[in-house]
Structure formats: C-alpha cells, structure tokens
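Notes to accompany the following structure.
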Amino acid sequence: QKVFAIAYPLGKYSDLSEVVIKEMGVKVTLSTETGINTVIKGLPQCLQAMKRIFVHGEMSPEELINSLIGM
C-alpha cells in the first residue's frame, strides 16, 4: 500500500524528517501540536507537520465544539 499520511510518534519530527518523508511520496504529516491548520490549494507544504485537536474517548460532542470555539 502507498502511504499517504504519517502521524509522527509522540509528535517528534525535524526539518530533515519532513524532507525525507516528502521525498518518499508522503503527502501529509501530522504533529501533536495543538491548533487549527490553514490548508491552501496548490500549496503542498501546508500539509506538513499539521496541528491536531486532542479528542478523548469520553469527550461529548458539546465539549468538542467548545474546544474548537476556544481556539
């Protein structure tokens, strides 16, 4: 299977790892940094080291929405 995306273990990555993974054909990399991303069509680097939102198994839809509003 071709790998499309990689989530860095424990969020650890470097500029070098980003270059190597991109050369391997991976389009999306995910960090563990909290935040919202801006994706711009035609700008592939905006898909590298993307931030994420922490969601736990006990989180209600309302809690998720409130966490998004607070960002």
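Taking region 30-54 as the region of interest, how many residues are within 25 Å of residue 70 (Cβ to Cβ) and in contact (Cβ under 8 Å) with a residue 12 or more places away in the chain? Let's see the steps before the verdict.
In the first step, residues of region 30-54 are kept if they are within 25 Å of residue 70 (Cβ to Cβ); the result is 30-40, 46-47, 49-54.
Right, trim to in contact (Cβ under 8 Å) with a residue 12 or more places away in the chain and you get 30-37, 47, 49-54.
Adding up the residues that qualify gives 15.
List, please: which pairs have Cβ atoms under 9 Å, are six or more places apart or on different chains, and start with a residue in region 1-29 that is in contact (Cβ under 8 Å) with a residue 60 or more places away in the chain and end with one that is part of a helix (DSSP H, G or I)?
From residues that are in contact (Cβ under 8 Å) with a residue 60 or more places away in the chain, there are no pairs.
Since every read-out is calculated from the coordinates, none of them should be taken as a lab result. The structure displayed is predicted, hence computed values, not measured ones. Note: ideal-geometry Cβ built from the backbone for every residue, glycine included; neighbour counts use all protein chains shown.
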